[in-house]
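Comments concern the structure below.
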C-alpha cells in the first residue's frame, strides 16, 4: 500500500532526512497550531496519488484565515473515492536544484535497485521515456547491502559537491533503512531539493509498504494508506477488489481468471467496471459480500460472474449469489458462467431462483453484450 | 527415468504445517491422488498422525526416521513460513513447494537467494504447486482435473486459469506431462524461463504452454531466450491483464505495471517477435496446441 506523504516523511525524518517544517491538520480546531509557523505556508491535501497540484489539491496560504479556508475546502472532500482526512501545512523552501532518488525492488535480479536523476520534480516514468540516459541505476545486493562508496559514486554523477555529498550519503542511508526495516517496496524522494543555503531536503515522498508485512509494523495504520472505503470493506472478506472505470461488473475466482475475464469484456467491445477476485476456495459469504459491492454500484449496468470451480465449489458460489440477491434489490442483469466442482448442484440452486448459467465465459459475455446498450 | 519434470513416482513428500486446516486437507487430497506423502511436521505435535501420516516436531526428526524424503510442501501461515523454508533447506531437502500466500516480499527475497546458494529449487510462494498427471501431485491443484498424462507441459503464474486451461486440454484429449504453478508474487523461487528450460530437457514434453500475466519481465526474458534458438519445442502463450490499468495491483502482488515495465503489449510483442503465438482468450490455447499436434 502507498502511504500518505506526511507519513512517509515522518519515517524518513526519523532516520535523518531533512523535511520542511510542517504540521498536520485533521480538523478545523487544529488550525491554531499553525500560528507558530512562518507564513506563507503550502496546504497539501493528503491523498495518495500523483498530480495533486494539477487537481487543485495543493495551494499557497498567506494568513491563518487563508489556512482555515483551505482546511475547510479540503477536509472531507472525496477525490477518486478517497476521502481527504488530513491536510499537511508546510513552510516554503528556497530551491536551487531538484533531484530524484528512489530505492525499489529489483524483481529480475532478486535484489534492490537505486534510481537517481538530476531531473527531479517530474514523474520518473516520464524521464524514463524521454531521456532514459538521465537515470542513474545502482544494483544493491540484499545480503551485502548499501555501502558509502556506492552512494558517493551516485552523488558524483548527480553533480553534488562539498558537504552535499555527505548529506546525500545520510539521505540515502536513511532511505535504505526505511526500505529494509519497514518492508517497503518503494521509497522515493521526488523532488529531493538542494536548497539555496546548500541543504538537501525531501519536498515530496512516496513510500509503498508491503501489505503482507503490516503485522510487524504497529506504527503503520491502514488509515494512512491508499485503500478506498470499498477496498477496505472488500479486504475484510478476503476479496481482492480494484475499481476500474467501465460499466460491466466482474466477479471471478483467482487473479489470473479475473484478469482474463476483464480482457474478455474488452474483447467484446465493453469496459470492465472492476476487478473482483473472490479467491481460490471462496466461501458463500465472500461471494455474497463481493456481489453486493457490484450490485450497489451505480456505474454498473450488468454483472458477469465467471467461476471455474477447482478448489472453489460451484454450489457455495451459487448460494452466495442467491444470498446477495436476497439482500440487495436490483434490476441489473447477471450472467453467470459456472463450471467445475459441484457444477450440477450449483446450477440447480440458481435455476430455482430463475437464474440461467452458461458453459463458457464467452457464451455468458455474448448474452450480456446483447442485453445492454453501451 | 527422467520423464516429466520436478515431481514423479519417486517423489516422497513431507508436509510442513500438516496439522493446520489446509495442510491436513491437502495431505489427504494428495494421498487420494496417489502422491507418496510420507511425513508431516508441526512443532509441538511430534508423535501424532494426520490421515495416517506420522507427524514430527522438526524436519530433521522426519528425515532421521524417513531418510528418502526428497520434497517438502509448505502450508505454514505467512508469519512463520519463512522459518519453515529455511528449516527445509538446512535439513537438505532439494525441492520445496511453498503454497502459503501473503509471505512478506522481503522475506521471500532472502530465502529465494539463500535457496539458490544452496542449490535448492523453490516453487512459489503463493502458488498452486506441481502435478505430473497420474504420477504425483505436490500442491493444491484439483485432483479431478488432472486425469490424463501426455505431451503438453504447462508453466503458469495463475491457479484457477491453469485449471481451466488444463481442463479444456484434457477434454480435447490432450494430456499433460507436468503442470507447474510458479506463483503470483513479485519474487518467486523458480521463474517461467527456468521451467521452460526443464521442459526442453524432458523427453516426454513435446509442446509448452506458458500462462503469463502483466507485471515483471519474466515473459520478455523467456522470449529473448527462445530467440537465441535454445528452445526447440513449440511454445504457445496466454497473457492476462490486457485491460489492467498501470500502477494498480491486480490480485496477485506481482501483477502490476510500474516504471513502464511489465505491460501486456511489451510481453505480446516479445513473444510475437520470436514466433510464439499468443492466444486472445484462455480457451484459444487448445486450438493453438492442436495446430501443432495435427
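The values are calculated or read from the model by the stated rules, or taken from the named source; none is laboratory data. Please read these numbers as outputs of a predicted model, since none were measured by experiment. Note: ideal-geometry Cβ built from the backbone for every residue, glycine included; neighbour counts use all protein chains shown.
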So for the stretch A:276-285 (the condition being out of contact with any strand residue (DSSP E or B) (no Cβ under 7 Å at 6 or more places or on another chain), more than 23 Å from residue B:254 (Cα to Cα) and surrounded by 19 or more Cβ atoms within 10 Å (Cβ to Cβ)), does at least one residue qualify? no
Matching residues in the stretch B:101-122 (within 11 Å of chain A (Cβ to nearest Cβ) and at pLDDT 95 or above) number 15
Per the filter on the stretch B:123-155, residues crowded, with 21+ Cβ neighbours inside 10 Å, under 22 Å from residue A:313 (Cα atoms) and within 12 Å of chain A (Cβ to nearest Cβ) are B:126, B:127, B:128, B:129, B:131, B:139, B:140, B:141, B:142, B:145, B:146
Residue pairs qualifying under the 6 Å Cβ cut-off, at least six apart or on distinct chains, with the first in the stretch B:103-126 being free of Cβ contacts under 8 Å to residues at least 60 places away in the same chain and the second being part of a helix (DSSP H, G or I), are B:104/A:212; B:104/A:213; B:107/B:82; B:111/B:82; B:111/B:85; B:118/B:89; B:120/B:89
Checking B:219, B:213, B:200 in turn, the sole residue that is over 25 Å from residue A:234 (Cβ atoms) and touching a strand residue (DSSP E or B) at 6+ places or on another chain (Cβ under 6 Å) turns out to be B:219
Within the stretch A:219-236, identify whether any single residue is more than 14 Å from chain B (Cβ to nearest Cβ), within 14 Å of the chain's Cα centre (by Cα) and buried (at least 19 other Cβ atoms within 10 Å of the Cβ), and answer yes or no. yes
When you scan the stretch A:264-274, do you find a residue that is more than 10 Å from every other protein chain (Cβ to nearest Cβ), touching a helix residue (DSSP H, G or I) at 6+ places or on another chain (Cβ under 6 Å) and free of Cβ contacts under 8 Å to residues at least 60 places away in the same chain, even just one?
no
* Report yes if residue B:173 is in the same structural domain as residue B:199 (by TED's automatic domain parsing) and more than 26 Å from residue B:10 (Cβ to Cβ), otherwise no. => yes
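One line per residue, one yes/no per condition, for (1) without any contact (Cβ under 8 Å) to a residue 24 or more places away in the chain; (2) under 25 Å from residue B:249 (Cα atoms):
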{"position": "A:119", "(1), (2)": "yes, no"}
{"position": "A:143", "(1), (2)": "yes, no"}
{"position": "A:146", "(1), (2)": "no, no"}
{"position": "A:151", "(1), (2)": "yes, no"}
{"position": "A:159", "(1), (2)": "no, no"}
{"position": "A:178", "(1), (2)": "no, yes"}
{"position": "A:189", "(1), (2)": "no, yes"}
{"position": "A:219", "(1), (2)": "yes, yes"}
Filtering the stretch B:197-225 down to residues that are within 15 Å of residue B:237 (Cα to Cα) and buried (at least 24 other Cβ atoms within 10 Å of the Cβ) yields B:199, B:208, B:209, B:210, B:211, B:212, B:213, B:214, B:218, B:219, B:222, B:223
Any chance the stretch A:190-212 includes a residue that's surrounded by 15 or more Cβ atoms within 10 Å (Cβ to Cβ), at pLDDT 95 or above and in a helix (DSSP H, G or I)? no
When (1) in a loop (DSSP other than H, G, I, E, B); (2) in contact with a strand residue (DSSP E or B) (Cβ under 6 Å, 6 or more places away or on another chain); (3) crowded, with 22+ Cβ neighbours inside 10 Å are applied to residue B:253, the one that fails is (2)
Going through (1) free of Cβ contacts under 8 Å to residues at least 60 places away in the same chain; (2) more than 10 Å from every other protein chain (Cβ to nearest Cβ); (3) surrounded by fewer than 17 Cβ atoms within 10 Å (Cβ to Cβ) one by one, residue B:72 fails only at (3)
Within the stretch B:32-61, restricting to residues that are at positive phi and over 22 Å from the mean Cα position of the chain (by Cα), the one that is surrounded by the most Cβ atoms within 10 Å (Cβ to Cβ) is B:51
Next item on the list: Report yes if some residue within the stretch A:252-260 is surrounded by fewer than 22 Cβ atoms within 10 Å (Cβ to Cβ) and either under 20 Å from the mean Cα position of the chain (by Cα) or more than 10 Å from every other protein chain (Cβ to nearest Cβ) (or both); otherwise report no.
Entry: no
| request: Could you tell me whether any residue of the stretch B:263-279 is within 13 Å of residue B:172 (Cβ to Cβ) and out of contact with any strand residue (DSSP E or B) (no Cβ under 7 Å at 6 or more places or on another chain)? | output: no
For the stretch B:197-240, the count of residues that are at positive phi and either more than 9 Å from chain A (Cβ to nearest Cβ) or modelled with pLDDT of 95 or more (or both) equals 1
Of those in the stretch A:84-118 that are more than 25 Å from residue A:19 (Cα to Cα) and assigned to a strand (DSSP E or B), the residue modelled with the lowest pLDDT is A:106
The residue that is nearest to residue B:191 (Cα to Cα), considering only those in the stretch B:90-103 that are in contact with a helix residue (DSSP H, G or I) (Cβ under 6 Å, 6 or more places away or on another chain) and surrounded by fewer than 23 Cβ atoms within 10 Å (Cβ to Cβ), is B:102
Inset, instruction - Restrict the check to the stretch A:49-58 and report whether at least one residue is in contact with a helix residue (DSSP H, G or I) (Cβ under 8 Å, 6 or more places away or on another chain), touching a residue at least 12 places away in the same chain (Cβ under 8 Å), part of a loop (DSSP other than H, G, I, E, B) and not assigned by TED's automatic domain parsing to the domain that holds residue A:219. - result: yes
Among residues of the stretch A:242-251 being more than 7 Å from every other protein chain (Cβ to nearest Cβ) and surrounded by fewer than 24 Cβ atoms within 10 Å (Cβ to Cβ), the residue nearest to residue B:185 (Cα to Cα) is A:243
Counting only residues that are touching a helix residue (DSSP H, G or I) at 6+ places or on another chain (Cβ under 9 Å) and either crowded, with 16+ Cβ neighbours inside 10 Å or outside any helix (DSSP H, G or I) (or both), the stretch A:131-149 contains a total of 9
